[in-house]
Amino acid sequence: MHDHAWLEAEVFWQPSRGEALLRTVRLAAGSTLGDAVRASGVADVLPDASWEQDAGALRLAVFGLCKRARDPLRDGDRIDVTRALTVDPKEARRTRARMAAKRR
């Protein structure tokens, strides 16, 4: 059981090339997701600091749900630093289907 004065979380980043980073951090209660990303050292290897903005090119997600850097950290959180989608997934599927149809 964890001490309630401390929160433990994981921070994950997968660069487009290179090894994925998964770091565990232990922070004081009341910390934010941004505090965890900075404390993990992952912020130092990110291409930019846009994850600190609500609509940046890099985003934060906890268990697949988009979050903000200022959101409170919860014990056991897994914070993924992700890239914003550049193509709508539905449109990407339509494009692949059109290309497949042309090849037939």
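Within region 42-86, the residues that satisfy the criterion of being assigned to a loop (DSSP other than H, G, I, E, B) and either β-branched (Val, Ile, Thr) or in contact (Cβ under 8 Å) with a residue 40 or more places away in the chain (or both) are LEU73, ARG74, ASP75, GLY76, ASP77, THR86. Out of ASP48, ASP54, ASP80, one residue alone is modelled with pLDDT under 95, among the acidic types (Asp, Glu) and in contact with a Lys or Arg (Cβ under 9 Å, 6 or more places away or on another chain). It is ASP54.
Could you tell me how many of the residues in region 5-41 are within 13 Å of LEU73 (Cβ to Cβ) and without any contact (Cβ under 8 Å) to a residue 12 or more places away in the chain? Of the residues in that region, 1 qualify. Number of residues in region 30-55 that are over 13 Å from the mean Cα position of the chain (by Cα), of a type in the set (A, V, I, L, M) and surrounded by 14 or more Cβ atoms within 10 Å (Cβ to Cβ): the value is 1. Take the residues of region 5-19 that are within 16 Å of the chain's Cα centre (by Cα) and within 19 Å of ARG38 (Cβ to Cβ): which is modelled with the lowest pLDDT? Across region 5-19, the extreme among qualifying residues is PRO15. Flag: ALA101 does not match the condition of being modelled with pLDDT under 85 and either among the small types (Gly, Ala, Ser) or exposed (fewer than 10 other Cβ atoms within 10 Å of the Cβ) (or both). Taken over region 58-71, residues that are over 14 Å from TRP13 (Cα atoms), surrounded by 14 or more Cβ atoms within 10 Å (Cβ to Cβ) and not acidic (Asp, Glu) amount to 3.
The values are calculated or read from the model by the stated rules, or taken from the named source; none is laboratory data. Everything numeric here is computed off the predicted structure, so don't read it as measured data. Cβ atoms come from the backbone with ideal geometry, glycine included; neighbour counts cover every protein chain shown.
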